[in-house]
Amino acid sequence: MRTYFVKPPAVIRIIRGNRLQWSISNKSDEVYLTFDDGPTKGVTISVLDRLERHNARGTFFCLGKNMVQHPDLVQEIISRGHVVGNHGFEHLNGWRTKTSSYVDNVERCNEVFETNLFRPPYGKILASQIKELKSQYKIVMWSILSGDFDAKCSPKQCAKNVIQNIRPGSIVVFHDTVNAKENMMYALDETLRHVESRNWQAAALPEF
Ligand SMILES: [Zn+2]
């Protein structure tokens with residue numbers, strides 16, 4: 001059985017939604033494709049090439065430890081017109097991490113690359129952690145998980161997860177990682193084609 005929801009259940013969005021960003025209210029035709037857990041050698045560049053081919057922009061929620069290893073990839077993301085967000089220095093589970101350590105880890109990532117967009121790893125963050133971070137960061141969740149990280153999910157199913165649910169204002173999660181690559185590349189291609197066919201625009205998340 002799948003242990004995650006492609007779309008967050010409405011009840012979770014209502015309880016936790018007041019300080020978290022689950023979608024962008026949007027009168028235009030923008031959708032927001034996001035890529036977590038990179039940057040990754042041999043993967044992130046392929047994502048950038050695909051986005052470029054479709055004149056699309058994206059947001060990369062990078063891990064601080066990966067940015068330290070691949071500053072060239074961070075530079076490439078920025079120079080091609082995309083946005084970098086904070087995903088923590090390490091991929092910490094907020095529910096299992098003391099608030100002070102959690103906040104330190106986010107700050108450590110921000111020292112590598114300064115941004116005011118933060119996405120909690122696994123989407124797991126405590127109210128006390130939100131309280132500490134919310135003045136400095138926009139905490140970005142999602143409206144759609146592609147499921148690209150799930151070894152039991154086929155590339156076609158990942159594409160379907162996105163295409164059946166995406167609409168203007170949607171925030172979609174992909175992963176630019178080695179493990180997700182096969183599913184992600186296929187789902188991303190299909191998503192970009194779908195977005196074009198609807199005359200929508202894939203845009204980077206607005207910073208504040
Ligand atoms: Zn992550």
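The values are calculated or read from the model by the stated rules, or taken from the named source; none is laboratory data. These numbers come from a predicted model, not from an experiment. Please note: Cβ atoms are built from the backbone with ideal geometry, for glycine as well, and neighbour counts cover all protein chains shown.
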Every listed condition ((1) over 18 Å from Gly38 (Cβ atoms); (2) β-branched (Val, Ile, Thr); (3) within 16 Å of the ligand (Cβ to nearest atom)) holds for Val162 save (3)
Does the stretch 141-153 contain at least one residue that is touching a Leu at 6+ places or on another chain (Cβ under 8 Å) and of a type in the set (A, V, I, L, M)?
-> yes
The one condition Asn66 fails out of (1) touching a Pro at 6+ places or on another chain (Cβ under 8 Å); (2) away from the ligand (no atom under 15 Å from the Cβ) is (2)
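Let's see how each residue does on (1) of a type in the set (Gly, Ala, Ser); (2) within 16 Å of the ligand (Cβ to nearest atom); (3) modelled with pLDDT of 95 or more; (4) under 23 Å from Ala127 (Cβ atoms):
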residue	(1), (2), (3), (4)
Arg13	no, no, no, yes
Arg19	no, no, no, yes
Ser25	yes, no, no, no
Val31	no, no, yes, no
Asp37	no, yes, yes, no
Lys41	no, no, yes, no
Asp49	no, no, yes, no
Arg53	no, no, yes, no
With criteria (1) more than 20 Å from Glu207 (Cβ to Cβ); (2) within 16 Å of the ligand (Cβ to nearest atom); (3) not hydrophobic (A, V, I, L, M, F, W, C), Asn86 comes up short on (1)
Would you confirm whether any residue within the stretch 157-175 is farther than 20 Å from Ala56 by Cβ and part of a helix (DSSP H, G or I)? yes
Only unsatisfied item for Ile24, checking (1) among the hydrophobic types (A, V, I, L, M, F, W, C); (2) over 16 Å from Val140 (Cβ atoms); (3) assigned to a loop (DSSP other than H, G, I, E, B), is (2)
Scanning the stretch 167-182 for residues that are out of contact with any strand residue (DSSP E or B) (no Cβ under 9 Å at 6 or more places or on another chain) and either modelled with pLDDT under 95 or of a type outside the set (Asp, Glu) (or both) gives Val178, Asn179
Per the list (1) among the small types (Gly, Ala, Ser); (2) free of Cβ contacts under 8 Å to residues at least 40 places away in the same chain; (3) closer than 23 Å to Glu207 by Cβ, residue check on Ser143 breaks on (2)
So, first residue of a type in the set (Gly, Ala, Ser) in the stretch 31-45, second residue assigned to a strand (DSSP E or B) and within 15 Å of the ligand (Cβ to nearest atom), Cβ within less than 9 Å, six or more apart or across chains; the pairs are Gly38/Phe60; Gly38/Phe61; Gly38/Cys62; Gly38/His175
Flagged in the stretch 114-139 as within 16 Å of the ligand (Cβ to nearest atom) and closer than 18 Å to Asn66 by Cβ, in numbering order, are Thr115, Leu117, Phe118, Arg119, Pro120, Pro121, Tyr122
Within the stretch 112-134, residues in contact (Cβ under 8 Å) with a residue 24 or more places away in the chain and among the acidic types (Asp, Glu) come out as Glu132
Subset of the stretch 151-208, residues among the acidic types (Asp, Glu) and without any contact (Cβ under 8 Å) to a residue 40 or more places away in the chain, comes to Glu182, Glu190
